[in-house]
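**Student:** My structure is below; once you've seen it, I'll send some questions.
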Amino acid sequence: MAFDAGATGSYIASGLGADADDSDVLAGFARAFPDVLWVKTADAQRLLWVSQTVESIAGYPAADLVSGRRQWEDFVHPDDHSRVLAAMRRAPEGQFDEEYRIVTRGGATRWMRDRAFPLLDDAGRVSRVIGVCTDITAHKERARSMRAVQHRFQAMVEWSDDVFMVLDSHGVVLYVSGSHERNFGLGAADVVGRPLAARIHAHDLDHARRLAAELMNLPGSRSSGRLRLRRGDGSYAIVEGTASNLLHNPDIGAILLNYRDVTARHEAELALQRANAELQCLNAELESRVAARTAELERRGNELSVLAARNAALVAALPDLILRYGIDGTLREISGNHQHLIAPAEQLVGRGIFELGLPPDVARVQLDCFNRAHETRTTEVCNYSLMIRGELLDFEARVFRSADQEVVAVVRDVTDRRRAERRISYLARFDALTGLANRASLRVELAAMIDTARREQAGVCALFLDLDGFKRINDSLGHIAGDELLRTVANRLKRALPADKAGGALARAGVAGPASVLDPLGGAPIFDPAATRHLAARFGGDEFVAIAYLPRGVMLDSHARMLGHAIMTAISPPMTIARQRVGVTPSIGIALFPAHARGADELLQRADGAMYAAKAAGKACVCMAGEAAPPAGTPGAGG
């Protein structure tokens, strides 16, 4: 049957058994319909008619398809071709509903949903097969985007510092995010299927039950609170979280709980409360003294001028700088300690805050602090740093509203306090005796190396060292000499490791690089596969650990043995301690990821076991995990 565009309506009308008067309506419908309409013979093998929409989707005119110059099956993607042909043979039975791809005239790939329906004549036989072919490319793309969003959300949940948990109506854990194991030492296998209440501190159970009762009584409600939750090691963490009752939601049907460990914050709050209590006592005492002094001033009016001069001297002797500002940032008065003024006081009074020579960002932060203190009538604290006479100093400004359109800033030099805080933070992360990373930092860095190695199909080796004969030297020469020996061994261990790119190697300097990077417990790990690949740490006592990240393509076993021999060679030579020549040798155990372990703790355990095998083999040798120990008396032998 030849294609006739002018007869479209008549053809559809006859094919559907409609009246001829309906042909114009049906023709208009076919032109306006966004999907491709088609009609085939009763066996669904030959195309009789197709709507003009096919050209806007596939790029070929309808006349080419109806005339046989082009076959619709030729457009079907090669991977879908055989499936679509097989399914089309079932179209006369009304069983054709397929999603497949076509390749358009322009080479683009589009997704289609094709459905067929048989038309029966008066005798009940199939006379025609009609179909509707819909372009679902946009739908497929939205579905792919939704899956990508879902995967990103899942990754955010798994790697968030907060713990996300799903509970049933009885409080039994159905799901827990990966952060739970990192923060509490319990994996999903230890938690899922068990009631959360079993881990709540006994003294907090009544509080937890009250929160749960409030939550369960009102579908869709949220409840927040703080309580103690047992960690994997038996200790208790103070957690703060929010629970949402979504049991009524047919898509969820559970209680959603998210919480985080706020133990450190809680302890800081308690310390702050104690400090506030002490401050209140001091304030009360100060108020009492002020009241007594005021009464004395009233009784001794003739001494007012003397007392005023005395008060002025006291203000000048204070360590704080006192600045009175207008709310617009104009400096009105300067008193107190002038030590850190960036210019003489008479040159600063009357200027706006952006004209005082302060860095623009510091001036802007202070002006925002002024506005908050004036509006809320509370004391606001502003911290900033300034370069004064070649030295970077830290300052703390306490701002309060002193009058309408006026605030007072009490500025104190807190440089020494900030340095002390940074020193305390350093000591928590690095060994005070040797300057090497401590055990906590080692675990963080090793876990980072293993995570990267797992993604990049690389390797990690851990070398566990124990000093042979250290106890004898420590007992005979004393602990001071023992400490000197440990520092010497640490320096030799660092020099034995290959230099990395990060400022001469973290392994060499022990703590090289900017402070913001060297914060393994409070921020991102130091480990960088493009810069820092080796790390030396003191594990405790006379035990040391060296770890190395080895990119894909490096012979892991050979490189680890080479490191072991280099360390053995570096540490073994005699050294002068307490004016005496002494010698110690290391027994070294090596373990490899992924050959010997799947995680950081297991890798250290395997290396520790290999070290004991080296000890048993006669000491002063290298032993590889999972292999026979070297013969006794063979120093430096590879295990």
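The values are calculated or read from the model by the stated rules, or taken from the named source; none is laboratory data. What you see is a predicted model, and the numbers here were worked out from it, not measured in a lab. Using ideal geometry, Cβ is built from the backbone for each residue, glycine included, and neighbour counts are taken over all protein chains shown. SASA here: full protein model, heavy atoms, side chains in, ligands and nucleic acids out. Shrake-Rupley method; radii C 1.70, N 1.55, O 1.52, S 1.80 Å.
**Student:** Taking 8 Å as the Cα distance limit and 6 or more residues as the minimum spacing, I'd like the relative contact order of segment 158-290 as a percentage.
**Tutor:** Values: 211 pairs, mean separation 28.9, N = 133.
Rounded, it is 22 percent for segment 158-290.
**Student:** Relative to the present Cα-Cα distance, how much length would full extension add between Met146 and Leu286 at 0.36 nm per residue of separation? Could you put the intermediate results ahead of the total?
**Tutor:** On the way: separation 140, 0.36 × 140 = 50.40 nm, distance 6.37 nm.
44.0 nm is the gain from fully extending Met146 to Leu286.
**Student:** Full extension from His248 to Tyr236: what is 0.36 nm times the residue separation minus their Cα-Cα distance, to one decimal in nm? Intermediate results must be reported in sequence, preceding the final value.
**Tutor:** Details: separation 12, 0.36 × 12 = 4.32 nm, distance 3.26 nm.
In short, 1.1 nm is gained.
**Student:** Between Ser558 and Ala616, what's the calculated FRET efficiency when r is the beta-carbon distance and R0 is 22 Å? Round to 0.05.
**Tutor:** Numbers: r = 25 Å, r/R0 = 1.12.
It comes out at approximately 0.35.
**Student:** Which of the DSSP-defined H helices in the chain satisfy a minimum axial length of 18 Å, computed from C-alpha atoms, and a minimum mean Kyte-Doolittle hydropathy of -0.5? Spell out each step's value before the answer.
**Tutor:** Numbers: long enough: 137-159 (33 Å, -0.98); 263-299 (53 Å, -0.56); 304-317 (20 Å, 1.56); 360-376 (24 Å, -0.64); 415-429 (22 Å, -1.66); 439-456 (25 Å, -0.26); 479-496 (25 Å, -0.37); 556-571 (22 Å, 0.59); 600-616 (24 Å, -0.22).
Membrane-span-like by this criterion, though nothing is claimed about a membrane: 304-317, 439-456, 479-496, 556-571, 600-616.
**Student:** Which peptide among 50-57, 120-127, 73-80 comes first, and what is the full order, when sorted by highest mean count of other Cβ atoms within 10 Å? If you can, show how the numbers build up before the last one.
**Tutor:** Values: 50-57: 19.1, 120-127: 10.8, 73-80: 14.5.
Going from most to least packed, we get 50-57, 73-80, 120-127.
**Student:** Moving on. What ranking, highest mean first, results for peptides 593-602, 217-226 when packing means the other Cβ atoms within 10 Å averaged over each residue? Before the final figure, lay out each step's value.
**Tutor:** On the way: 593-602: 17.2, 217-226: 12.7.
Sorting 593-602, 217-226 by mean packing, highest first, produces 593-602, 217-226.
**Student:** Using a Förster radius of 25 Å, what is the FRET efficiency between Glu158 and Ser224 based on their Cβ-Cβ separation? Nearest 0.05, please. Could you put the intermediate results ahead of the total?
**Tutor:** Working: r = 23 Å, r/R0 = 0.92.
About 0.60, to the nearest 0.05.
**Student:** So, one more: Calculate, for the chain, the solvent-accessible area per residue in square angstrom, rolling a 1.4 angstrom probe over the heavy atoms of the protein chains. Provide the component values of the computation, followed by the final result.
**Tutor:** Values: 34300 Å² over 639 residues.
On a per-residue basis, 54 Å².
**Student:** May I ask for the equivalent-ellipsoid semi-axes of the chain, computed as the square root of five times each C-alpha gyration tensor eigenvalue and listed largest first in whole Å?
**Tutor:** On the way: eigenvalues 963, 432, 147 Å².
In descending order, the three semi-axes are 69, 46, 27 Å.
**Student:** Here's a follow-up. Rounded to a whole number, what % of the accessible area of segment 359-443 do carbon and sulfur atoms account for, probe 1.4 Å? Before the final figure, lay out the partial values.
**Tutor:** Working: 2370 of 4660 Å².
Its accessible area is 51 percent carbon and sulfur atoms.
**Student:** Enumerate the amide H contacts of Tyr236 below 5 Å, restricted to partners 5 or more residues apart or on another chain; note that Pro and chain-start residues carry no placed amide H.
**Tutor:** When sequence neighbours closer than 5 places are left aside, the close amide H contacts are Arg231.
**Student:** Under a crude label model (7 Å from the Cα following the beta-carbon direction), how far is Asp79 from Asp361 in nanometres?
**Tutor:** 4.9 nm
**Student:** Can you pull the percent of segment 85-196's accessible area that's carbon plus sulfur, 1.4 Å probe, other chains left in place? Walk me through the numbers before you get to the answer.
**Tutor:** Details: 3520 of 6620 Å².
On segment 85-196, the fraction of accessible area on carbon and sulfur atoms equals 53 percent.
**Student:** Between Arg423 and Ala277, what is the FRET efficiency for a Förster distance of 25 Å, r being their Cβ-Cβ separation, to the nearest 0.05?
**Tutor:** 0.35
**Student:** What are the lysines whose alpha-carbon lies under 27 Å from the alpha-carbon of Lys471, with same-chain residues fewer than 8 places away excluded?
**Tutor:** Within reach: Lys494, Lys615, Lys619.
**Student:** Please sort 542-554, 287-299, 166-178 by packing, taking for each peptide the average over its residues of neighbouring beta carbons within 10 angstrom, highest first. Mind dumping the intermediate values first?
**Tutor:** Numbers: 542-554: 20.5, 287-299: 10.3, 166-178: 16.3.
Per-residue Cβ counts within 10 Å, averaged per peptide and sorted highest first, yield 542-554, 166-178, 287-299.
**Student:** Strictly under 4.7 angstrom between C-beta atoms: which cysteines of the chain have no such partner?
**Tutor:** Cys133, Cys281, Cys461, Cys621, Cys623
**Student:** From the Cα gyration tensor of segment 244-380, with a ≥ b ≥ c the square roots of its eigenvalues, which class applies: rounded if a/c is under 1.5, or else prolate if a/b is larger than b/c, or else oblate? Intermediate values should be presented prior to the final figure.
**Tutor:** Numbers: a/c = 3.19, a/b = 1.67, b/c = 1.91.
Taking the square roots of the gyration eigenvalues as a ≥ b ≥ c, segment 244-380 is oblate.
**Student:** Continuing with the same structure: What is the distance, in nm, between label points placed 7 Å from the Cα along the Cα-to-Cβ direction at Ser67 and at Gln405?
**Tutor:** Roughly 8.8 nm, to one decimal.
**Student:** Hey, could you get me the Stokes-Einstein D for segment 83-241, Kirkwood radius over alpha-carbon pairs, 37 °C and 0.692 mPa s, rounded to whole µm² s⁻¹? Intermediate results must be reported in sequence, preceding the final value.
**Tutor:** Working: Rh = 21.1 Å.
Approximately 156 µm²/s, per Stokes-Einstein.
**Student:** To the nearest 20 debye, what charge dipole does the chain have about its Cα centre, counting +1 at the Cβ of each Lys and Arg and -1 at the Cβ of each Asp and Glu? Display every interim value, and only then the final one.
**Tutor:** On the way: 76 positive and 79 negative charges, 468 e Å.
Roughly 2240 debye for the chain.
**Student:** Here's another thing I want to ask about it. Note the full-extension length gain between Thr415 and Arg439 as 0.36 nm times their separation in residues minus their Cα-Cα distance, in nm to one decimal.
**Tutor:** Numbers: separation 24, 0.36 × 24 = 8.64 nm, distance 2.98 nm.
Here the answer is 5.7 nm.
**Student:** Any idea which of Ile102, Ala499, Cys621 is furthest toward the positive side of the dipole for the chain, if Lys and Arg beta-carbons carry +1 and Asp and Glu beta-carbons -1?
**Tutor:** Cys621
**Student:** With an 8 Å cut-off on Cα pairs and a minimum separation of 6 or more residues, tell me the relative contact order of the chain in percent.
**Tutor:** Values: 1101 pairs, mean separation 38.3, N = 639.
Relative CO of the chain lands at 6 percent.
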